[in-house]
Amino acid sequence: MISFSNINKQYGKQLVFVDASFQLNPGEKVGLVGPNGAGKTTLFRMVVGEEAPDDGDVSVPKKTTVGYFRQDVEEMSGRTVLDEAIAGSGRVGDLHHELEALQNALEDPARFDEMDKILERFGEVQEEYEHLDGYSLEAQAREVLHGLGFPDVQIDGDVGALSGGWKMRVALARVLLGRPDVLLMDEPTNHLDLESIIWLEQFLRDYKGALLMTSHDREFMNRLVSKIAEIDAGEIISYSGNYDFYERERAIRETNQQAAFARQQTMLAKEQRFIDRFRTHAAKAAQVQSRIKALDKVEKIELPKRRVVVQFDFKTPSRSGDQVVVMEDLKKAYGSRVIYDGFSLTVRRGERWAVMGRNGAGKSTLLKMIAGATDPDSGTVRLGASLNMGYFAQQSLDVLAADLTVLEQLQRDFPTDSLGSLRSLAGAFQFSGEDVDKRIKMLSGGEKSRLAMARMLFNPPNFLVLDEPTNHLDLATKEMLVSALKDFEGTMIFVSHDRMFLRGLGTRVLELGGESGTEKEPRVYLGPYEEYVQSLGHEGPGIYH
């Protein structure tokens with residue numbers, strides 16, 4: 001269907017693709033992987049014609065429709081969420097809005113003279129619209145928007161009133177509604193809660209077209225893709241299987257390549273010793289020249305580039321009292337919307353609470369009340385003795401000094417620690433080499449999240465309150481974080497949509513109610529997340545049949 005043949009692409013001195021080839025076949029679901037800057041976005045942009053290779057061919061059949069979900073969302077305003085979702089959904093969306101315009105024209109007395117022409121066009125558009133099943137489009141749009149977490153009041157409300165994260169969901173809905181032949185998806189789960197991620201998984205499993213996507217969500221990749229395309233040192237290498245299979249095969253390939261490299265180096269050294277020893281011997285001159293020519297023709301095996309994930313040994317926090325937080329009879333409402341009504345919970349030392357619930361159930365509100373960032377309307381939140389709290393939320397990024405570099409920020413925060421230990425800390429959160437000299441104002445959202453997390457965990461508090469700590473983190477950083485926090489000797493309460501994080505760290509589960517927060521009473525599960533899932537029968541509390 002879509003093929004890349006011997007493509008080359010270079011930006012300045014940076015070689016992105018070198019004689020790279022790859023094919024995406026009809027109906028295939030492929031995960032695209034590679035380090036930051038490897039060329040994943042460039043590959044997407046080549047498919048949709050926004051970039052061209054320096055050499056080689058990118059072939060996309062003329063009648064193939066392509067939907068591209070990207071991380072930079074354009075401005076949205078002046079429509080309802082429903083209309084915005086329909087508007088960008090491809091040909092059927094265009095026809096939907098043209099039919100609306102023609103309907104208005106038919107009712108306009110000022111256009112009476114054009115009535116025959118308008119009626120003729122109305123018939124043409126209506127026929128094509130019916131052929132494309134357009135009359136079910138609004139119902140489909142509502143179904144998709146509900147799946148992505150929108151309540152009806154939002155669906156019929158002004159799209160311009162939404163936050164950036166919710167506009168990303170609208171952009172995702174538009175691409176899904178178009179049902180193109182090929183879906184290109186760049187990190188589609190970034191702004192979704194767990195229930196929406198699970199809905200999207202099911203939608204994409206049922207989707208008949210081809211899918212090429214990047215994702216930092218291992219579970220999401222494993223459940224959807226049957227092939228991995230890795231961009232590595234300018235090449236595109238394909239692996240038949242899911243992400244776990246790719247990791248195993250890549251490790252085997254790397255081991256084999258290292259062994260082949262070692263064998264070749266031994267052979268080359270042996271040949272070179274012969275050449276050096278007999279270079280001046282007339283009797284051996286022909287053999288020496290023959291071996292020199294043979295060596296020149298040997299295709300040199302390169303040592304594989306190892307991706308080193310720096311593990312960081314976080315310091316042991318001080319011991320807190322047994323009761324870390326005691327919440328009694330909490331009440332919280334926003335206008336007529338009641339979030340908590342008589343809620344009580346005690347968090348004890350060493351527990352790791354995963355707070356679950358749909359958007360609007362009050363997860364972030366609970367963490368804010370614990371952290372003192374917002375007050376309950378009534379009731380009490382009492383913190384225990386000898387407590388040192390670390391609170392991570394997206395607002396944590398606002399306290400970073402924009403004009404400092406990454407390393408300067410760490411030096412300012414920890415002036416008595418050595419440069420080596422601060423560089424190790426930065427490396428554990430994927431700031432290596434020249435990355436530590438980047439100014440904070442130039443960092444992406446994900447990079448700022450990593451830096452804020454690094455600052456909090458260097459001298460770890462004994463109570464961590466984490467609101468979506470894995471947003472924008474890549475797989476390597478997430479895995480390092482889960483590994484480090486498994487050995488954390490303090491107490492945690494966290495909100496996360498990442499199942500690897502939930503499974504790795506959740507030893508207690510607090511399940512909150514539905515969108516109003518009062519549809520059902522909060523449920524406490526005094527066991528790990530995996531057992532909670534088994535008892536529930538689903539991975540998220542907002543999913544019921």
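Conditions (1) small (Gly, Ala, Ser); (2) assigned to a helix (DSSP H, G or I); (3) touching a helix residue (DSSP H, G or I) at 6+ places or on another chain (Cβ under 7 Å), marked per residue:
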| site | (1), (2), (3) |
| --- | --- |
| 410 | no, yes, yes |
| 420 | yes, yes, no |
| 426 | yes, yes, yes |
| 455 | no, yes, yes |
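Note on the range 50-64: residues that are loosely packed, with under 14 Cβ neighbours inside 10 Å and part of a loop (DSSP other than H, G, I, E, B) amount to 6.
Within the range 388-404, restricting attention to residues that are modelled with pLDDT of 90 or more and outside any loop (DSSP other than H, G, I, E, B), the residue that is farthest from residue 320 (Cα to Cα) is 392. Just a yes or no: is a residue in the range 76-98 part of a loop (DSSP other than H, G, I, E, B), of a type in the set (A, V, I, L, M, F, W, C), over 16 Å from residue 237 (Cα atoms) and touching a Leu at 6+ places or on another chain (Cβ under 7 Å)? No.
What helices (runs of 4 or more DSSP H) lie completely within the range 150-254 and have 1 or more residues being in the same structural domain as residue 22 (by TED's automatic domain parsing), more than 29 Å from residue 10 (Cα to Cα) and touching a strand residue (DSSP E or B) at 6+ places or on another chain (Cβ under 7 Å)?
Output list reads 194-206, 218-224.
Inside the range 332-377, residues that are of a type in the set (Lys, Arg) and outside any strand (DSSP E or B) make up a count of 4.
If we keep just the residues of the range 245-258 that are among the acidic types (Asp, Glu) and free of Cβ contacts under 8 Å to residues at least 24 places away in the same chain, which is farthest from residue 301 (Cα to Cα)? Ranking the qualifying residues of the range 245-258, first place goes to 247.
Per this entry, residue 330 is counted among residues that are modelled with pLDDT of 85 or more, aliphatic (A, V, I, L, M) and assigned by TED's automatic domain parsing to the domain that holds residue 481. With respect to being in contact with a strand residue (DSSP E or B) (Cβ under 7 Å, 6 or more places away or on another chain), outside the structural domain of residue 361 (by TED's automatic domain parsing) and surrounded by 12 or more Cβ atoms within 10 Å (Cβ to Cβ), residue 122 falls outside the description.
The values are calculated or read from the model by the stated rules, or taken from the named source; none is laboratory data. Computed from a predicted model, the values in this text were never measured in an experiment. Here the Cβ is made from the backbone with ideal geometry for all residues, glycine too, and neighbour counts use every protein chain on show.
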